[in-house]
Amino acid sequence: MHISHTTVPASVRLASATAALPPSAIRGWRAWLDGVLAHRTERRQLLALGERDLRDIGLTPSEACALAQEPLWHR
């Protein structure tokens with residue numbers, strides 16, 4: 001008897017994995033992910049500012065660079 005190996009599409013695996021989670025856990029992960037993405041966007045925007053704009057908010061370019069490189073958990 002030969003048993004063939006089939007792979008399940010990622011969308012099916014993800015759907016079945018999230019179906020096992022309670023709605024509150026899904027909301028928690030979604031909130032966490034939204035926070036991570038917002039933080040990444042803020043970092044990119046900070047690095048895109050020019051010297052004059054940075055001076056207006058009280059930062060030097062080196063301070064802005066240091067803030068943008070901080071780990072996520074140092075918020």
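The values are calculated or read from the model by the stated rules, or taken from the named source; none is laboratory data. Predicted model only: the values in this text are computed from it and were never measured. Reconstructed Cβ throughout: ideal geometry from the backbone, glycine too, with neighbour counts over all protein chains shown.
Residue check: is D34 surrounded by 10 or more Cβ atoms within 10 Å (Cβ to Cβ), modelled with pLDDT of 95 or more and either assigned to a helix (DSSP H, G or I) or not charged (D, E, K, R) (or both)? For D34, the condition - surrounded by 10 or more Cβ atoms within 10 Å (Cβ to Cβ), modelled with pLDDT of 95 or more and either assigned to a helix (DSSP H, G or I) or not charged (D, E, K, R) (or both) - is not met. Pairing residues of the range 59-75 that are closer than 14 Å to H39 by Cα with residues that are β-branched (V, I, T) and surrounded by 10 or more Cβ atoms within 10 Å (Cβ to Cβ), at Cβ distances under 8 Å and at least 6 apart in sequence or on separate chains, gives L72/V36.
Restricting the search to the range 37-69, which residues are surrounded by 11 or more Cβ atoms within 10 Å (Cβ to Cβ) and within 22 Å of the chain's Cα centre (by Cα)?
Let us first name the residues in the range 37-69 that are surrounded by 11 or more Cβ atoms within 10 Å (Cβ to Cβ), namely 39-40, 42-43, 46-47, 49, 51, 53-55, 59-61, 63-68.
If the condition is that a residue be surrounded by 11 or more Cβ atoms within 10 Å (Cβ to Cβ) and within 22 Å of the chain's Cα centre (by Cα), then H39, R40, E42, R43, L46, L47, L49, A64, C65, A66, L67, A68 are the ones that fit.
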